[in-house]
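Read the structure below first, then the notes.
We did not get these values from a lab; they are worked out from the coordinates using the rules stated. None of the values given here were measured: they were computed from a predicted structure. Backbone-built Cβ (ideal geometry, glycine too); neighbour counts: all protein chains shown.
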Amino acid sequence: MTWILANLGLLGERLLAHLGQALPPIVLAFVLAIPIAKLANSRGWLRGGLTAGAGLLYAVPSLPLFIVLPIVLGTGIRSSVNIIVALTIYGLALMVPSASEALRSVSGSTLQSATAQGYAPFARFWSVELPLAGPALVAGLRVVAVSTVSLVTVGGVLGVPSLGMLFVDGFQRNITAEILSGIVLTAALAVALDLLIVLGGRLLLPWAHSRTGGGR
Amino acid sequence: MIRFDHVGKTYPDGTTAVEDFSLTVDSHASVVLVGTSGSGKTTLMRMVNRMVDPTSGRVLIDDEDVAAMDPVKLRRRIGYVMQASGLLPHRTVAENVATVPHLEGVSRRRSRSRALALLEMVGLDHKLGDRYPSQLSGGQQQRVGVARALAADPNILLMDEPFGAVDPIVRAELQKELLRLQSELGKTILFVTHDIDEAFLLGEKVVILKPGGVVAQEGTPSQILADPADDFVETFVGSGRGKRALHLEEVDGRQVVVDESGRPTGVLHAAPESRS
């Protein structure tokens, strides 16, 4: 406890750095996955390839990727850009198959009906297909968010500041409180983001939660 | 007026949905295309609003080739009702009805008040306007589908088996309601169904289709019943099976109508008033 109280400033700093590395890949993976999934769904062969490719991508061990990326990108090994790029790749590996499924889950007859009412193709995608894929997209995003928050910690091993650094440092200096606070804060951050996404989903997709009742 | 001028549809894989079909639907008339699956009836209907483009021939609306029209604009001025309503599940009932006015940029308030009035017109409480479609019964959803199709006050209504997915009692209600609406509004209606009874009830003119969009017979319900063109039509309308070959028997001084198998099906009254 005394260690925590004496190091509140450090904990806050690490938490913010962690969030700063987790949020961009989560947002990027989500935003990029949708057009990729849409494109993949329109070409059968591409969809199969992408789903398989995404699985393989996720199997690449994270630590080597963090080390190789600076060489490819020309960034310093401790730059948080590496983390963001690597985690966006992992995020995409999770999000593309999930977005592809989400878009495919939208009923074809609803889409045809929208076309028949006079929706132009992009308007139909933006205001019919995307919102209807919303609940499944949110489910995918939750997995990406939690996975990304936990993967950010790996950067700590390389000396990129994040909550992960707390347990690396705690192990080296044998400070149990530091290790524990790193683990607890990482988990708490993941849970908090997950809750925010669920709440955001409820606000944006109110229709998905009003399936009760019924008329005659 | 809608005119099909020798239209055909062959898909890239070589299957032919419609071979060579011609038909004129007069303005303010209701014409029913009736046929089994594979008769190309839905394909033909979708040629009118360019959901399907014919591979040969033309479809004309008021003598204008639809192929030359912008499909999105064309669809907004044609009402379309489909089976299982096709309502947007993420929009409230009122928003669904206001779909086309909304797309056309009519203000939210004006399109909403129009939507609520339309709900009343199709026999629904306007309080249902703020519900989501999933909170309505199947019959109510179909009514909303009809209200939505009427929202932009189109001259033409396309109805693709709109009452196919509801139970018989609700279907009869909806059919009656459509007849009432049509007598008030006088739209040009092209209706597709596989149910010959529905076709005879709703169509001033009925077109019986064989597979491939081949017209087996075209005429008023009485013409078709009185003089079926061939065995196919006879079987299709059921007169060949004796279902419609009725005769009278007198029971206790009243005229009872009996079908060919001897089953009493009704009592004969004076001639009913003809429908307006």
Handout entry: Extension gain from B:VAL251 to B:ALA229, taking 0.36 nm per residue of separation minus the Cα-Cα distance
Key = 4.4 nm
Practice task
Would you work out the relative contact order for region A:12-95, in percent, from Cα pairs under 8 angstrom that are 6 or more residues apart?
Solution key: 47 percent
Exercise for the section: Place a +1 charge on the Cβ of each Lys and Arg in the protein assembly as shown and a -1 charge on the Cβ of each Asp and Glu, then give the dipole magnitude about the Cα centre in debye, rounded to the nearest 20. Expected result: 2020 debye
Practice task
Sum up the charges of everything whose Cβ sits under 9 Å from the Cβ of A:ALA114, counting Lys and Arg as +1 and Asp and Glu as -1, but leave A:ALA114 out.
Solution key: 0
Completion exercise
Note on chain B: contact order normalised by length, alpha-carbon pairs under 8 Å, 6 or more apart, percent, works out to 22 percent
Exercise for the section: Please tell me the relative contact order of chain A in percent, rounded to the nearest whole number, where contacts are Cα pairs under 8 Å and at least six residues apart. Expected result: 25 percent
Practice task
Excluding residues fewer than 8 places away in the same chain, name every one of the aspartates and glutamates whose C-alpha is closer than 14 Å to that of B:LYS127.
Solution key: B:GLU95
Completion exercise
With the dipole of region B:1-92 defined by +1 on each Lys or Arg Cβ and -1 on each Asp or Glu Cβ, the option from B:SER22, B:LEU33, B:LEU74 whose Cα lies farthest towards the positive pole is B:LEU74
Completion exercise
Magnitude of the Cβ-charge dipole (Lys and Arg +1, Asp and Glu -1) of region B:2-244 about the Cα centre, nearest 20 debye, reported as 1100 debye
Practice task
Treat each spin label as a single point 7 Å out from the Cα along the C-beta direction, and report the B:LEU268 to A:LEU203 distance in nm.
Solution key: 7.3 nm
Problem - Members of B:LYS41/B:LYS176; B:LYS9/B:LYS187; B:LYS41/B:LYS210; A:LYS38/B:LYS41; B:LYS9/B:LYS73 lying beyond 20 Å, as alpha-carbon distances in this model show - result: B:LYS41/B:LYS176; B:LYS9/B:LYS187; A:LYS38/B:LYS41; B:LYS9/B:LYS73
Fill in the blank from the handout: The helix B:168-185 Cα axis meets the longest alpha-carbon principal axis of chain B at an angle in degrees, between 0 and 90 and rounded to 10, of 70 degrees
Handout entry: Around A:VAL143: net Lys/Arg minus Asp/Glu count, Cβ-Cβ under 15 Å
Key = -1
Fill in the blank from the handout: One finds, for A:THR51 and A:SER150 with R0 = 22 angstrom and r their Cβ-Cβ distance, a FRET efficiency to the nearest 0.05 of 0.45
Handout entry: R0 of 22 Å, Cβ-Cβ distance B:MET1-B:ASP53: FRET efficiency to nearest 0.05
Key = 0.65
Problem - Cα-based helix-to-principal-axis angle, A:8-42 vs chain A, degrees rounded to 10 - result: 30 degrees
Exercise for the section: Take peptides B:7-15, B:51-59, B:198-206 and line them up by average Cβ neighbours within 10 Å, highest first, as a rough protection proxy. Expected result: B:198-206, B:51-59, B:7-15
Exercise for the section: Could you bin all the Cα-Cα distances of region A:2-205 into 10 Å bins starting at 0 and give me the percent of pairs in each, rounded to whole numbers? Expected result: 9, 30, 30, 19, 9, 3, 1
Fill in the blank from the handout: Simple spin-label estimate for A:ASN41/A:THR75, 7 Å along Cα→Cβ, in nm, reads 3.1 nm
Practice task
Pull up the DSSP beta bridges for chain B and report the antiparallel fraction as a percent, rounded to 5.
Solution key: 60 percent
Completion exercise
For chain A, the charge dipole (Cβ of Lys, Arg +1; Cβ of Asp, Glu -1; about the Cα centre) points to a positive end, and the Cα of A:ASN41, A:LEU141, A:LEU11 closest to that extreme belongs to A:ASN41
Completion exercise
region B:186-232 and region A:78-148 have their Cα centres apart by a whole-number Å value of 45 Å
Problem - Estimated distance in nm for a label pair at A:LEU32 and A:TRP126, the labels positioned 7 Å out from Cα along Cα-to-Cβ - result: 2.3 nm
Exercise for the section: Ignore the peptide's own chain and count Cβ atoms of other chains within 10 Å of each Cβ in B:30-41; give me the average, rounded. Expected result: 0
Problem - Inter-chain Cβ neighbour average for residues A:121-131, partner chain, 10 Å - result: 2
Practice task
Calculate how many DSSP beta bridges within the protein assembly as shown are antiparallel, expressed in % of all such bridges and rounded to the nearest 5.
Solution key: 60 percent
Handout entry: 5 Å-binned pair-distance histogram of chain B (Cα, whole percent)
Key = 1, 6, 11, 15, 16, 15, 13, 10, 7, 4, 2, 1, 0, 0
Exercise for the section: Using only Cα atoms, find the angle between the long axis of helix B:108-121 and the longest principal axis of chain B, and express it within 0 to 90 degrees, rounded to the nearest 10. Expected result: 10 degrees
Handout entry: Dipole magnitude of chain A, debye to nearest 20 (Cβ charges: Lys/Arg +1, Asp/Glu -1, about Cα centre)
Key = 640 debye
Fill in the blank from the handout: Output field shielding_mean for B:133-146 (other chain Cβ, 10 Å radius) holds 2
Completion exercise
Among A:LEU111, A:LEU73, A:ALA59, the residue whose Cα sits farthest towards the positive end of the charge dipole of chain A (+1 at Cβ of Lys and Arg, -1 at Cβ of Asp and Glu, taken about the Cα centre) is A:LEU111
Handout entry: Area projected by the alpha carbon convex hull of the protein assembly as shown, averaged over all directions, nm²
Key = 32.7 nm²
Practice task
Subtracting the Cα-Cα distance from 0.36 nm times the residue separation, let me have the gained length for B:VAL215 to B:ARG180 in nm, one decimal.
Solution key: 9.7 nm
Problem - Estimated 222 nm signal from helices in chain B, with DSSP H stretches of n ≥ 4 weighted -39500 (n - 2.57), rounded to 500 - result: -9000 deg cm²/dmol
